[in-house]
């Protein structure tokens with residue numbers, strides 16, 4: 001079992017995001033990763049990344065999962 005302090009510190013470093021395609025006005029992807037990895041991420045020129053809260057991310061994943069089940 002992990003130390004609760006470590007879990008909290010690790011959680012603080014996670015960022016949730018949406019990648020937007022600015023040409024098509026669509027969402028090209030979403031995900032989560034450690035902040036230090038996202039700093040070096042290279043997006044396509046037509047993409048823009050928006051960071052969202054954990055709650056917003058969880059709602060998005062839940063809704064996408066519900067739609068895919070249909």
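What follows draws every value from the coordinates through simple rules; no lab data is involved. Note that this is a predicted model, so its numbers are computed, not measured. Here Cβ is always computed from backbone atoms with ideal geometry, including for glycine, and neighbour counts include all displayed protein chains.
Suppose we filter segment 17-30 for residues that are loosely packed, with under 14 Cβ neighbours inside 10 Å and part of a strand (DSSP E or B); how many remain?
Summing the residues that are loosely packed, with under 14 Cβ neighbours inside 10 Å and part of a strand (DSSP E or B) in segment 17-30 gives 3.
Name the pairs whose Cβ atoms lie under 9 Å apart, with the first residue in segment 33-51 and without any contact (Cβ under 8 Å) to a residue 40 or more places away in the chain and at negative phi, the second assigned to a helix (DSSP H, G or I) and exposed (fewer than 11 other Cβ atoms within 10 Å of the Cβ), and 6 or more positions between them or separate chains?
These pairs meet every condition: 35/12.
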